[in-house]
Amino acid sequence: MKKRFSIVLAMLVVLSMVLSACGGAAPAAPAAPADGGAAAPAASGEAVTIEYWLWDANQLPAYQACADAFMAQNPNITVNLTQSGWDDYWNGVQTGMVAGTAPDVFTNHLAKYPEFAAKEQLVDVEPFVQRDGVDMGVYIGDLADLWARDGKRFGLPKDWDTIAIVTNLPAIEAAGVTLDEVSNATWNPEDGGSFGELIAKLSVDENGNNGLSPDYDPTKVKQYGLIINGSGEGYGQTEWSWLAATTGWRHIDELYATSYNYDDPRFIATIQWFADNMKKGFIMPVEQVTSLGGSAAFNSGLGALHSNGSWMIGDFANNATFPVGFARLPQGPEGRKSMFNGLADSIWVGSQHQEEAWQWVKYAASQECADIVGDFGVVFPAQQSAVDKALAAYEGKGLDVSAFTAQATEEGGTFLFPVTDFASEISAIMRPAMDSIMLGQSDAQTALTAANEAVNAVFR
């Protein structure tokens, strides 16, 4: 799957393709059963309001533009957008499903949807897809496959993302480091390689000493060499997965696996390296990140390098107090590796307007909406024409984002988000375990061995 994705995406990025749209007006035929049981409520033709939730404030204007275009084509359907931060968002979705107040449609995440699907809280949209002849081939790589399981489908792809290194250009220049040096850095869990040396060199204390100096004071750091977004819980998409995966380690052996590999020595060594470098004052400590926020701390000038995802490009361009650049990930023992992720919209099974909700979901994942989103330059949409528009939008802003796209097109450069059941239980186990390591309260060997046994016991 990984190889096929890389090959397909490489061809798509190089060649401009004309993709068929999958939006359009609602068909006259009644909706097929949406959950394997009773038929979904049919469209009434009367005025209907669809509540649509998303968590990313950066994407809100783009999807409002899509909603405006959709409502112009469907005057009887109003789409009401609500945006809230990550934690509040998922709390609202989960409690809303219990209380009967969840939105008709919400942006879903690969870490979340298996749990919702297992509880039969999502509409299976595959009957709608078959009825309307939606072409799954228009979506880049394996994005569509990630949202299908056991013959059912719980969303249509909207975007994809990879990870890169965001750089504080004045900070690295002051240290005599170039963007190319960052892009060509190497890493290993034993001594950190040239990347480890770079983050030490880019760390500066209040007396002006860098991390290579014996006089460097890790208790009085003015600028950290690297900022990550916290301990990463069990996934570490932007925090540590991009280094752990270069050792050959993977969270799971296949999609929907029933065991994790957190006790693998390669993973243990990687996480211990992060904890050790926090203690040395080269990576911002997790308690400081928790207080300030990783991207906010970086944007304010407290770090030289910052690992983050392509969905944050606009945030750095708009909010950093200095010029930013984007560098390639370090090369580890088995090359460069980035987690590959993508979002989709799902329909709550309790929606009283499933037909109209489907029409919005279908439009939000169509080429027309994707092109609108692409013009905003906030994410890489799931269809190639829109990726081209996003690249043009970034270029128009003077941003070179090739570090993200090169990672996506590089053979073997990506690995899939670890999709399994029991995401809530896994996070509840891994969050305190990872925090204890990063805070120096436990060593990685002890904490991760115990956590892995607890995680795998959940599946048993």
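The values are calculated or read from the model by the stated rules, or taken from the named source; none is laboratory data. Predicted, not measured: the structure shown is a model, and the values here were computed from it. Every residue, glycine as well, gets a Cβ built from its backbone with ideal geometry; the counts of neighbours run over all protein chains shown.
Would you mind telling me which numbered condition in (1) without any contact (Cβ under 8 Å) to a residue 24 or more places away in the chain; (2) assigned to a helix (DSSP H, G or I) residue 424 fails?
That leaves (1) as the condition not met.
Of the residues 208, 193, 225, which single one is out of contact with any Asp or Glu (no Cβ under 9 Å at 6 or more places or on another chain), in the same structural domain as residue 293 (by TED's automatic domain parsing) and crowded, with 23+ Cβ neighbours inside 10 Å?
225
Look through the range 141-157, keep the residues that are in contact with a strand residue (DSSP E or B) (Cβ under 6 Å, 6 or more places away or on another chain) and part of a loop (DSSP other than H, G, I, E, B), and return whichever of them is surrounded by the most Cβ atoms within 10 Å (Cβ to Cβ).
In this case the residue turns out to be 155.
Could you check the range 72-102 and list, in sequence order, the residues that are crowded, with 16+ Cβ neighbours inside 10 Å and assigned to a helix (DSSP H, G or I)?
Hits for the range 72-102 are 89, 90, 92, 93, 94, 96, 97.
Looking at (1) surrounded by 21 or more Cβ atoms within 10 Å (Cβ to Cβ); (2) more than 15 Å from residue 380 (Cα to Cα); (3) among the β-branched types (Val, Ile, Thr), which is the one condition that is false for residue 349?
For residue 349, the failing item is (1).
Would you tally the residues in the range 241-293 being touching a residue at least 12 places away in the same chain (Cβ under 8 Å) and part of a helix (DSSP H, G or I)?
Number of matching residues: 24.
When both residues are 6+ apart or on different chains and their Cβ atoms are under 9 Å apart, which pairs have a first residue that lies in the range 210-229 and is within 17 Å of residue 197 (Cβ to Cβ), and a second that is among the hydroxyl-bearing types (Ser, Thr, Tyr) and assigned to a strand (DSSP E or B)?
Note: pairs meeting the criteria are 226/307.
Restricting the range 364-384 to residues that are out of contact with any strand residue (DSSP E or B) (no Cβ under 7 Å at 6 or more places or on another chain) and either assigned to a helix (DSSP H, G or I) or in the same structural domain as residue 318 (by TED's automatic domain parsing) (or both), which is nearest to residue 342 (Cα to Cα)?
Among those residues, the one meeting the criterion is 384.
Mind telling me which of the residues 300, 259, 295 ends up being at pLDDT 95 or above, over 27 Å from residue 110 (Cα atoms) and in the same structural domain as residue 441 (by TED's automatic domain parsing)?
Testing whether each residue is at pLDDT 95 or above, over 27 Å from residue 110 (Cα atoms) and in the same structural domain as residue 441 (by TED's automatic domain parsing) leaves just 300.
Given the criterion assigned to a loop (DSSP other than H, G, I, E, B) and over 20 Å from the mean Cα position of the chain (by Cα), identify the matching residue among 189, 170.
189
Go through (1) in a helix (DSSP H, G or I); (2) surrounded by fewer than 24 Cβ atoms within 10 Å (Cβ to Cβ); (3) within 21 Å of the chain's Cα centre (by Cα); (4) not small (Gly, Ala, Ser) and name the single condition residue 387 misses.
(2)
Six or more apart or on different chains, Cβ atoms under 7 Å: show the pairs whose first residue is in the range 141-154 and assigned by TED's automatic domain parsing to the domain that holds residue 346 and whose second is assigned to a strand (DSSP E or B) and of a type outside the set (A, V, I, L, M).
If the second residue must be assigned to a strand (DSSP E or B) and of a type outside the set (A, V, I, L, M), the pairs left are 143/157; 143/160; 144/157; 147/153; 147/157; 154/346.
What are the residues in the range 291-301 that are surrounded by fewer than 21 Cβ atoms within 10 Å (Cβ to Cβ) and of a type outside the set (S, T, N, Q), if any?
Answer for the range 291-301, where residues must be surrounded by fewer than 21 Cβ atoms within 10 Å (Cβ to Cβ) and of a type outside the set (S, T, N, Q): 292, 293, 296, 297, 301.
Quick one: is residue 275 among the small types (Gly, Ala, Ser), closer than 22 Å to residue 451 by Cα and touching a Pro at 6+ places or on another chain (Cβ under 8 Å)?
Taking the combined requirement at face value, the residue does not satisfy it.
Among the candidates 368, 356, 410, single out the residue that is modelled with pLDDT under 95 and charged (D, E, K, R).
Checking each option against the conditions leaves just 410.
Search the range 414-439 for residues being of a type outside the set (A, V, I, L, M) and within 22 Å of residue 269 (Cβ to Cβ), and hand back the single one that is surrounded by the most Cβ atoms within 10 Å (Cβ to Cβ).
So, considering only residues that are of a type outside the set (A, V, I, L, M) and within 22 Å of residue 269 (Cβ to Cβ), the one surrounded by the most Cβ atoms within 10 Å (Cβ to Cβ) is 418.
Any residue that is among the aliphatic types (A, V, I, L, M), touching a residue at least 60 places away in the same chain (Cβ under 8 Å) and under 13 Å from residue 271 (Cα atoms) - is there at least one of those in the range 441-458?
Looking through the range 441-458, at least one residue is among the aliphatic types (A, V, I, L, M), touching a residue at least 60 places away in the same chain (Cβ under 8 Å) and under 13 Å from residue 271 (Cα atoms).
Among the residues of the range 199-221, are any part of a strand (DSSP E or B) and touching a Leu at 6+ places or on another chain (Cβ under 8 Å)?
yes
Suppose the filter is closer than 30 Å to residue 64 by Cβ, crowded, with 23+ Cβ neighbours inside 10 Å and under 17 Å from the mean Cα position of the chain (by Cα); does residue 401 pass it?
So residue 401 fails the test.
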